[in-house]
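The structure under discussion appears below in the form of structure tokens.
The values are calculated or read from the model by the stated rules, or taken from the named source; none is laboratory data. As the structure is a computational prediction, the values presented were derived from the model and not from experiment. Neighbour counts run over all protein chains shown; Cβ positions are idealised from the backbone, glycine included.
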Amino acid sequence: MQDNQRNVNRDECQTARKARLEGENQVDSNKERWLKAQGKTRSCRDVQESLSQLIVDEFQSEPYLEFSKQKHTEEHHDLNQRLEILLEQVVLLNNHKEDLEKWQTENQEAYDMVAESYGTLLKEKWNQLVTLTPERWEAYNAKPRAIVRRLENSLEESKGLLELAKNQVNQAFQDYVAKLERTNNSRVHQFTRTVRTIMAEERLYDYDFVETQFLRIFEGIDEYQKQYQRRLDESNKNFEHLVNLSLRRAQTIYESIHEIPKNSRINLYERDIQLIKMDWPTREAEENHEYMRQYLNQVIENMNTWKQEGMDDDALERRLEGQLQTRALLNVIAPIENCRVQVFKPRQESLVRNQRIEHVPWDDVCRWSGGENYSTNITMFMVILSHIRQQMEGKYNSWKVLAADNPFGKASSPHVLDPVFKVAQANQIQLICFTAHKQDTILNYFPVVYSLQLRSTYGKEVLQAEKLESGFYRVSNE
């Protein structure tokens, strides 16, 4: 406290006293003005309340107690705008009134036109009429009388279209009956009688009656369709079975033929040689299946075509047998013209031992020398013979006998005969050959040789059989 105290002089005291007196005077002055303002406020409030009550009594609305020139101007402007809008609405209402009066006149005239032409119908249907909405009237885009004339024209046009439709319906029925009759189906003829009944009773244009009759017809057709679908499903199943059988048959023969060259494997001059080679391309299994399906479909179409052309049953059966032969089925999965067969061309022993083995196309065999031609042909024959026996008996090592009349021809060289007897040995074929050959090069191939002697009798050479002996020889299986 001592820090906040100081000594003052006389002048400072006089100045402070003077300031206090001035403040008190100012307070008294302000208090007097406040009292005057309060009195004036009470007077104004009384006047306001009096005027407000007069306004309420006269206008039944509370006065605006807080008036401002800006708000008054805005409110006055707003009221003027509302007034302009109301005046515009009055004009529109007057115009609409005039339009309604004209519309009423138009409707009355249109009604009179309808009543004049269709008075009876109008009375019968009056309670069923539906008032059009303004949107529907706008859609017509015309006056009532014009609409009536338009509807009259449309009615006449509809009558013409109705007559045309009747003629079309009648013609359609006639065509329908003719189509049913052309089927030559006894069940379908039942429908024909029903349709003729409709036409005979002149109820062709009775929708409910015709609908009922055709519902019965359609029910019958649905039942026949179900039966047909069952037969079709069964036929498709049988057809698929036929496709699989035909494909299996062709595939079996194809694979069997591919086994033929295996019977031509021999050991000749200390070299393993396959005398026959075959290249016969085929397709993938799925593709072959589709090709077989298409082929059998074509066979069925051909049979139907030939039957429609009047071919008799015997001829049809012969045609069918021809198209279902194994050769035809085989040609589907592996065209025969694509089969390429190559054969070993006989060569001297020294060439076979020291040079590359040569195979040439089968078509070239006919241009070879007599001995080479013989060797290749008899080899092919024995190979096929062995294969057929294997397929018949189901085993590989069965014995076969081949009897031939002078099969050697001009062949006598060992390099031509060796492949023949090697194939016979490999396939266990016993050769019985009748020949006039006396060369040791041929006779040495046979373990048993019978020589027949001819005797001259009366200028002729004859063979006399006094005794026929049986004989056999044992062949080692080694």
(message) Condition first: surrounded by 16 or more Cβ atoms within 10 Å (Cβ to Cβ) and either assigned to a helix (DSSP H, G or I) or of a type outside the set (A, V, I, L, M, F, W, C) (or both). Now tell me which residues in the range 332-349 satisfy that.
(response) V332, I333, Q342, K345, P346, R347
(message) For the range 253-289, give me the residue count where each residue is surrounded by 13 or more Cβ atoms within 10 Å (Cβ to Cβ) and either among the basic types (K, R) or under 38 Å from the mean Cα position of the chain (by Cα) (or both).
(response) 10
(request) Considering each residue of the range 146-166, count those that are among the acidic types (D, E), more than 18 Å from Y111 (Cβ to Cβ) and touching a residue at least 12 places away in the same chain (Cβ under 8 Å), and give that number. (result) 0
(request) Please indicate, with yes or no, whether at least one residue in the range 174-182 is farther than 30 Å from Q227 by Cα, in a helix (DSSP H, G or I) and either aliphatic (A, V, I, L, M) or at pLDDT below 80 (or both). (result) no
(request) Can you give me the ranges of the strands (runs of 3 or more DSSP E) entirely in the range 424-465 with at least 1 residues that are hydroxyl-bearing (S, T, Y) and outside the structural domain of D405 (by TED's automatic domain parsing)? (result) 455-457
(request) Kindly check whether there is at least one residue in the range 397-413 that is in a helix (DSSP H, G or I) and exposed (fewer than 15 other Cβ atoms within 10 Å of the Cβ). (result) no
(message) Any residue that is in a helix (DSSP H, G or I), among the hydrophobic types (A, V, I, L, M, F, W, C) and over 12 Å from V341 (Cα atoms) - is there at least one of those in the range 253-275?
(response) yes
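Without any contact (Cβ under 8 Å) to a residue 60 or more places away in the chain, surrounded by 15 or more Cβ atoms within 10 Å (Cβ to Cβ), among the β-branched types (V, I, T) and within 24 Å of Q439 (Cβ to Cβ): does that describe V352?
no
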(request) Considering every residue within the range 370-379, establish whether at least one is part of a helix (DSSP H, G or I), of a type in the set (A, V, I, L, M, F, W, C) and either under 60 Å from the mean Cα position of the chain (by Cα) or at pLDDT below 80 (or both). (result) yes
(request) Report yes if some residue within the range 61-69 is surrounded by 10 or more Cβ atoms within 10 Å (Cβ to Cβ), hydroxyl-bearing (S, T, Y) and closer than 30 Å to N153 by Cα; otherwise report no. (result) no
